[in-house]
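Below is one structure; the comments refer to it alone.
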Amino acid sequence: MKILNDLTLDELKILMESLGEKSFRAGQIFRALSLGKSISEITELSLPLRQKLTEIYVDTPVKLIKKLVSKDGTEKYLLALYDGNVVEGVYMKNRYGNTECLSTQVGCRMGCKFCASTIGGLVRNLTAGEMYATVCLINKINGGTLDKRAVTNIVLMGSGEPFDNYDETVKFLRLVSCKDGLNVSLRNISLSTCGLVPEMIKFAEEGLPVNLTVSLHQPFNDKRKHLMPIAKAYSIEQILSACDNYFNKTGRRYIFEYSLVKGENDDRQSADELIKILKGKPCHVNIIRLNEVKENGLKATTEKEAYAFASYLENAGLSATVRRLNGADIDGACGQLRRSYLDN
Ligand code: SAH
């Protein structure tokens, strides 16, 4: 089966033409799907057209299985794809808007030592339309429409490595920012990568000015290999040069994520090295406290130490903040909820 949500407005127009339908139907379909409707719910279309479409396309690509609400208000969703695979999504209410954390793959093959998403490896990529359908569904669940969006910001920080699913991720960014659909501003979207350098360079040419975020987690190449296998393929120097290229091409400051793991990357030496390699660069460092995952045994640095680490960087002239720990009581870390679902 195919996924209708994968089609852009122009592709829908071509489809309507090929089915002998008027091209304005394309806009009706795109808007209805953007509102989170299934094909069978698009009552503006004739029943025969809906039936014709559901013979080729999945009626509902993404369904809600379960919703958890944290004490801090963070909502976490377990979502089923049409083939029975399960992904998760997070919805966080902030002062400036509401952020959805989106998955780009079922599982992940990057193997980062601290991350729950990668434990069972990569199952499959999400298509652009599945990612878009997820945003549309979460927007709908939270009472959003096209004029009044409940999802105003998106972070590609759920399960998966967006640049390991490059083409679909790029197409998703075009779908979600399309004026005729949800129209989420690219400036409100952050894409997080573990540092796939060739894709970082390619992405700078796409004309998609999102916030580029890189999971650094270690300023020393040899130690980084121990935490993140991708470091064996690309060095920190190559990552920094790809980041500078992104800044030169897009004018957008970039962000580094640094999840503090007790005894691995939270010492004075690591902080000094971070300062050495990042000082003067147009970047921000997001200090994250590790969400402990039972499968790997790694421990989080305390909150107090995390703030001290960030202040140390700040005092040396870097821009650094500690990220709020969202939804820790509801399996908030990447892939944790899916893992506990699979375990049961
Ligand atoms: N594949 C992308 C997106 C991953 S999720 C990437 O690597 O950037 C977003 C961030 O959460 C990444 O920085 C990731 O390294 C981090 N992360 C994953 N598991 C974590 C955990 N258990 N605790 C803290 N941060 C974690």
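Brief remarks follow.
Residues checked against (1) touching a residue at least 60 places away in the same chain (Cβ under 8 Å); (2) within 16 Å of the ligand (Cβ to nearest atom); (3) open to solvent by 60 Å² or more (accessible area, probe 1.4 Å):
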position: N248; (1), (2), (3): no, no, yes
position: R253; (1), (2), (3): no, no, yes
position: K294; (1), (2), (3): no, yes, yes
position: K299; (1), (2), (3): no, yes, yes
position: A310; (1), (2), (3): no, yes, no
position: E314; (1), (2), (3): no, no, yes
position: S319; (1), (2), (3): no, no, no
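- Just one of the listed residues (L182, L175) is in a loop (DSSP other than H, G, I, E, B), away from the ligand (no atom under 15 Å from the Cβ) and open to solvent by less than 10 Å² (accessible area, probe 1.4 Å), and it is L182.
- Helices (runs of 4 or more DSSP H) fully within the range 211-286 that include at least 1 residues being closer than 22 Å to K304 by Cα and either in contact with a helix residue (DSSP H, G or I) (Cβ under 6 Å, 6 or more places away or on another chain) or not hydrophobic (A, V, I, L, M, F, W, C) (or both): 268-278.
- Test: residue in the range 144-163 that is touching a Lys or Arg at 6+ places or on another chain (Cβ under 9 Å) and open to solvent by 60 Å² or more (accessible area, probe 1.4 Å): no
- Residue in the range 119-155 that is farthest from the ligand (Cβ to nearest atom), counting only those that are touching a strand residue (DSSP E or B) at 6+ places or on another chain (Cβ under 7 Å), among the β-branched types (V, I, T) and outside any helix (DSSP H, G or I): T152
The rows are residues; the columns are (1) in a helix (DSSP H, G or I); (2) open to solvent by less than 10 Å² (accessible area, probe 1.4 Å); (3) modelled with pLDDT under 95; (4) not hydrophobic (A, V, I, L, M, F, W, C).
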| site | (1), (2), (3), (4) |
| --- | --- |
| A26 | yes, yes, no, no |
| A32 | yes, yes, no, no |
| P48 | yes, no, no, yes |
| T60 | no, no, no, yes |
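The values are calculated or read from the model by the stated rules, or taken from the named source; none is laboratory data. The structure presented is a predicted model; accordingly, all values stated were derived computationally and were not measured. Don't worry about glycine lacking a Cβ; one is built from the backbone with ideal geometry, like all the others, and counts go over all protein chains shown. Keep in mind that these areas ignore ligands, DNA and RNA; they rest on the heavy atoms of the full protein, side chains included. Shrake-Rupley method; radii C 1.70, N 1.55, O 1.52, S 1.80 Å.
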